[in-house]
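Shown next, in structure tokens, is the structure this report addresses.
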Amino acid sequence: MITELGHFALILAFMVAIFQMIVPLIGAQRGNAAWMAVADPAATTQFLLTAFSFAALTWAFVTSDFSLNLVVANSHTDKPLLYKISGVWGNHEGSLLLWVLILTLFGACAAWFGSNLPPTLKARVLAVQSSVAAAFFAFILFTSNPFLRLEIPPFDGQDLNPLLQDPGLAFHPPFLYLGYVGLSMAFSFAVAALIEGRVDAAWGRWVRPWTLAAWVFLTIGIGLGSWWAYYELGWGGFWFWDPVENASLMPWLIAAALLHSAIVVEKREALKSWTILLAILAFGFSLIGTFIVRSGVLTSVHAFANDPERGVFILMILAFFMGGALLLFAFRAGTMEAKGVFSTVSRESGLVVNNLLLAVSTFVVFIGTIWPLIAEMIWDRTLSVGPPFFNAAFTPFMFGLAIALPIGAMLPWKRAGLGRAVRALVPAMVLAVALGLLAYAVFTGSSALSPIGIGLAVWLMAGAVVDLWSRTGRGDVAGRFARLWRLPRADWGKTIAHAGVGVTMFGVVALTGYQTEDIRVAQPGEPYQVGAYEIELLSVEQNVRGPNYISTMGHVAVRDEDGTQIALLHPERRIYPVAGMPTTEAGIDNGFTRDVYVTLGEPQAGGGWALRVWLKPFANWIWSGAIIMALGGFLSLSDRRYRFAAGAAKARATMDGVPAE
């Protein structure tokens with residue numbers, strides 16, 4: 001019964017979405033306040049109906065209702081509760097329902113917290129947001145219904161993909177979708193502004209919090225996915241440039257560019273057309289990611305589905321919204337006249353450089369991702385674009401961004417002196433060069449890019465600190481420290497986020513440039529040396545039973561130079577009987593400056609076991625940097641809520657004919 005109610009709620013939500021898409025838009029065009037006002041309750045109703053539908057599907061998974069085809073295909077009675085719940089979105093149909101749930105949540109939040117928006121703009125934003133929801137409701141109901149029943153239910157299910165039965169993967173998709181779908185709000189604001197033919201500083205203030213929230217969630221989602229790949233897959237890496245990984249990186253890069261571009265619109269009323277275009281492209285890349293994951297046109301270990309018919313439906317959604325938005329942009333671009341002028345050397349120019357580097361790096365990732373598809377379509381050739389291409393093509397732009405970011409942040413608005421900004425950054429420059437030379441001296445024989453990358457990472461972190469300190473003005477140190485704690489949270493958030501980028505960059509460069517790898521047949525009880533550590537395979541235990549798997553577990557001792565045991569690791573090889581699929585569980589001794597990473601291989605004919613050991617310097621800095629970036633974003637977001645409300649109220653008063661104070 002609950003399942004049928006969930007299906008019915010989904011159909012009702014689709015009907016409400018169509019209503020919300022049409023009526024407020026007509027009301028805004030005619031100036032009919034009553035028609036515009038229906039957008040708020042419609043958005044709330046749409047979210048509540050979708051939430052009920054999602055809860056009904058979750059209940060079916062928790063109770064192991066094997067009359068549902070989706071539950072049979074992705075669950076099992078012996079599976080732990082956490083993975084029964086995560087099984088809801090560990091498949092194509094359920095993940096789409098989560099996608100739409102988050103989409104309607106953002107629309108409802110715009111209704112709940114957008115009381116200071118001008119009525120016509122708010123009505124159009126909610127109508128555009130609902131049009132996206134209506135398209136995806138249709139996609140679910142007509143091609144991917146999660147509530148399909150089986151005529152004869154089996155006694156048990158087929159289990160969830162064992163690779164997805166992990167805490168990191170349980171939380172990775174929801175955060176990633178909060179980022180993907182959150183960019184729909186920037187898209188809705190952009191299209192609504194194009195319909196109205198008006199983009200101003202107030203619009204920049206309104207769109208930034210939504211974009212910042214989406215960027216923060218994307219940062220967390222990408223970080224969780226990378227962390228999971230590192231410790232769960234047993235291959236020792238954190239990023240493979242897989243098409244689906246790239247699909248999450250591209251909107252993250254464009255959203256970062258949009259955030260910085262919207263600042264120029266808000267502060268100087270410049271770059272209006274460019275900012276609108278970025279808002280459209282950011283959500284466009286989210287839709288492209290959805291297409292890649294669900295169409296099967298590109299091979300990926302992350303793919304949810306390989307159904308060309310579903311891919312065509314998503315392609316139609318992508319073509320309609322991106323094509324329509326870009327066509328509207330072409331018609332309205334001439335009305336978005338920039339008011340603010342600025343010199344070649346200024347904060348605005350620094351942000352333009354930032355935007356160009358992020359946009360071009362996104363284009364590089366996009367070309368590398370779709371090139372195999374283009375080669376197959378045009379030349380009928382099967383090509384593979386892997387890490388060597390992306391590392392060579394993407395890295396220079398990130399290095400350029402690292403150089404420009406601290407300098408751009410120090411430049412004043414409108415007109416600036418480059419020499420003055422650089423002089424203020426001399427301490428950061430000296431520290432960066434010193435540590436880069438130290439890395440070169442200590443790790444001779446490695447790539448020259450590694451010490452350069454470490455120097456740039458330190459330059460980013462130190463530059464962010466110098467920028468924050470410069471905002472305390474002049475005077476004695478005690479007075480400047482007192483003013484430091486009173487700085488707006490947005491300033492602190494920016495500094496923390498920029499420093500987080502530096503921390504992640506430091507971790508990536510150190511790990512890829514200086515890691516040590518050892519592969520050998522290890523005999524139990526025979527220690528051997530890897531770098532500064534002694535490794536000993538103590539024993540291997542077979543047929544270890546877990547909740548829903550059988551494991552072959554190794555016991556590996558890690559000792560320091562003095563022979564003191566510092567860790568006992570338990571790498572595993574698991575087999576999930578229901579799914580019939582093996583997985584590798586790495587044994588990792590995490591440290592502040594290094595990880596000892598061990599995986600267990602196959603037993604060898606002459607005795608012993610294949611054992612693979614990595615020493616990974618500063619590995620945890622990669623994900624620590626992502627956490628720091630997210631914290632900086634949340635801190636800025638907390639400040640922006642207050643400034644957003646004040647700015648919106650001021651703008652609304654001006655629009656209503658009341659002079660702003």
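The values are calculated or read from the model by the stated rules, or taken from the named source; none is laboratory data. Fair warning: this is a prediction, and the values are worked out from it, not measured in the lab. FYI the Cβ positions are ideal-geometry reconstructions off the backbone, even for glycines, and counts take in every protein chain you see.
Brief remarks follow.
For every residue, the table says whether it meets (1) aliphatic (A, V, I, L, M); (2) under 30 Å from A256 (Cβ atoms).
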{"site": "V458", "(1), (2)": "yes, yes"}
{"site": "M461", "(1), (2)": "yes, yes"}
{"site": "G479", "(1), (2)": "no, no"}
{"site": "R486", "(1), (2)": "no, yes"}
{"site": "R489", "(1), (2)": "no, yes"}
{"site": "G500", "(1), (2)": "no, yes"}
{"site": "A510", "(1), (2)": "yes, yes"}
{"site": "R520", "(1), (2)": "no, no"}
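- Residue selected from the range 529-568 under the condition part of a loop (DSSP other than H, G, I, E, B) and among the hydroxyl-bearing types (S, T, Y), by the criterion farthest from D78 (Cα to Cα): T564
- Applying the set (1) touching a Lys or Arg at 6+ places or on another chain (Cβ under 9 Å); (2) crowded, with 23+ Cβ neighbours inside 10 Å to A110 leaves exactly one unmet item: (2).
- Any hit, the range 110-128, residues being under 28 Å from N161 (Cα atoms), in a helix (DSSP H, G or I) and either out of contact with any Asp or Glu (no Cβ under 6 Å at 6 or more places or on another chain) or in contact (Cβ under 8 Å) with a residue 12 or more places away in the chain (or both): no
- Among residues of the range 540-556 that are over 15 Å from P80 (Cβ atoms), those with a beta-carbon under 6 Å from a residue that is surrounded by 19 or more Cβ atoms within 10 Å (Cβ to Cβ) and hydrophobic (A, V, I, L, M, F, W, C) at least six positions away or on a different chain give the pairs V540/W609; E541/M553; V544/M553; G554/V540; G554/L600; V556/L537; V556/L569; V556/V598.
- From D595, D589, residue being under 18 Å from W228 (Cβ atoms), in a strand (DSSP E or B) and at pLDDT 90 or above: D595
- Top-ranked residue in the range 144-171 [being part of a loop (DSSP other than H, G, I, E, B) and within 27 Å of F313 (Cα to Cα); ranked as farthest from the chain's Cα centre (by Cα)]: L150
- Within the range 383-499, helices (runs of 4 or more DSSP H) holding 1 or more residues that are in contact (Cβ under 8 Å) with a residue 12 or more places away in the chain and of a type in the set (D, E): 449-470
Here is a yes/no grid of residues against (1) of a type in the set (V, I, T); (2) at pLDDT 90 or above:
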site: L48; (1), (2): no, yes
site: A55; (1), (2): no, yes
site: W59; (1), (2): no, yes
site: T63; (1), (2): yes, yes
site: L68; (1), (2): no, yes
site: V71; (1), (2): yes, yes
site: H76; (1), (2): no, no
site: K84; (1), (2): no, yes
